[in-house]
Every structure is written in C-alpha cells, then in structure tokens.
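Inspection log for the structure reproduced underneath, given as structure tokens.
The values are calculated or read from the model by the stated rules, or taken from the named source; none is laboratory data. Model, not experiment: these values are computed from the prediction. Neighbour counts run over all protein chains shown; Cβ positions are idealised from the backbone, glycine included.
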Amino acid sequence: MIVGITCGGPDLPARMRDALAAGLDVLLVREDALPAGLDALAEAWPGRVALHTRMPGAEALAARLPVALHVASTVPVEAWPASAFSVSAHTPEEVRRARAAGASWAFLSPIWRSPSKPGDTRPALGVAVLREPGAVALGGVSLARVALCRAAGAHGVAGMGGLFGARDVAEAVGAWRNAWRDAGPVQNDQTSSS
C-alpha cells in the first residue's frame, strides 16, 4: 500500500487528482482547509481519500462522502469518530492499540529522521518495528527506502515530500509503486496489498 500525504503548495487539487489517477492507494489530506475539488475526488475514487480529523470540516465531509478519517495519536480511542480508518502511532504498542480499536492500519513514525520535521527530537525507530501488523512506514521514507520497508514487513509506506513534493507527482507515485512491487513479498506472515 502506498499512501500519499498532502503538503500544500500550488496546484494541490491537480496534484491530488494526478496521484490518485497514477494508482496511489490512499490519499491522506491534512491541510488547514478543505482543498478545492475534494468532493469530486472522493466520489471519483471512493475509499481512497482519507481526511485528517484535525482539518476543519473533515468529519462533516466524511458523513456525506466515501472518505475515511485519520486520527492523531493524541486523540483518545473513546473520542474517535465512528468512521476512523487510520491512526498515527509512534510505538509498536500504539499500532496494536489502534488495530484493536478498529483502525485498518496505523502510520508508525518516525522510521528515519524526516527532512520535513527538522526540529523533531524523537529518535528514529528503524525498520525492525515494521513487523507490527498494520504498520505503515512514515518518516524519512524515500523511493530508495521503499524496498527496505517492504522487506522489513511493512503493511505499506507513506510519503509527503517524496510524493507531493516531487516535480511530477504521478511519476513519483508510479516509481514508489514499482519499488514496492519489485521488493517482492514481505518477510513475515502479515498480509500487504500493493
């Protein structure tokens, strides 16, 4: 599974559309406001658009469109919206808790230090933690590291700058998908999709 996380910038609606058309499995939108054209994207690619609950209007949009919701790790489980789909996690235990509470998967971060968060002082977790079922690698993931994540057992990989910061987002999505596919099967018993 390849997850792209939006990081603003010019032509965001067009880049979101291009990423989905190129085969991005999940588009996680986490902007300060709902981007233009989000309704049309959600309807054209049902189930492949997710909204971060910190975004104003996300839960209302999820009530009327086929979008999933992503919840920050700081939100207590009892406060999750009913349609929560994915969760942020920073330890394998948080991934297990999220999955037990019904999340389909959890971002596990930071696997490596992330160039997009230069002030982040948390230690990098490394790829060994990706054996946790449902763990999607986030933090410092690049095209060159996609295969390492899959070999370690990741359920998927996520990128922000490596995908939405690319000159051609569709080309970047294709390269990440190829790297994931070419890495071969995961090295544990969990099921991964491409």
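For the reader, a short list of remarks on this structure follows.
- When the criteria are applied in full, residue 25 meets the requirement of being under 22 Å from residue 106 (Cα atoms), surrounded by 14 or more Cβ atoms within 10 Å (Cβ to Cβ) and either at pLDDT 95 or above or hydroxyl-bearing (Ser, Thr, Tyr) (or both).
- Residue match in region 44-52 (condition: at negative phi, surrounded by fewer than 19 Cβ atoms within 10 Å (Cβ to Cβ) and among the small types (Gly, Ala, Ser)): yes
- Identity of the residue in region 138-177, in contact with a Lys or Arg (Cβ under 8 Å, 6 or more places away or on another chain) and not in a helix (DSSP H, G or I), that ends up farthest from residue 90 (Cα to Cα): 153
- Here residue 73 clears all of (1) in a loop (DSSP other than H, G, I, E, B); (2) under 15 Å from the mean Cα position of the chain (by Cα); (3) surrounded by 19 or more Cβ atoms within 10 Å (Cβ to Cβ); (4) not β-branched (Val, Ile, Thr) except the condition numbered (3).
- Search result, residues across region 9-41 that are in a loop (DSSP other than H, G, I, E, B), free of Cβ contacts under 8 Å to residues at least 60 places away in the same chain and either more than 30 Å from residue 153 (Cα to Cα) or among the β-branched types (Val, Ile, Thr) (or both): 10, 11, 32, 33, 34, 35, 36, 37
- Qualifying residue in region 105-127 (condition: in contact with a Leu (Cβ under 8 Å, 6 or more places away or on another chain), assigned to a strand (DSSP E or B) and at negative phi): yes
Yes/no matrix, rows are residues, columns are (1) surrounded by 15 or more Cβ atoms within 10 Å (Cβ to Cβ); (2) modelled with pLDDT of 90 or more; (3) hydrophobic (A, V, I, L, M, F, W, C); (4) within 16 Å of the chain's Cα centre (by Cα):
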{"position": "82", "(1), (2), (3), (4)": "no, no, yes, no"}
{"position": "93", "(1), (2), (3), (4)": "no, yes, no, no"}
{"position": "99", "(1), (2), (3), (4)": "yes, yes, no, yes"}
{"position": "104", "(1), (2), (3), (4)": "yes, yes, no, yes"}
{"position": "118", "(1), (2), (3), (4)": "no, no, no, no"}
{"position": "122", "(1), (2), (3), (4)": "no, no, no, no"}
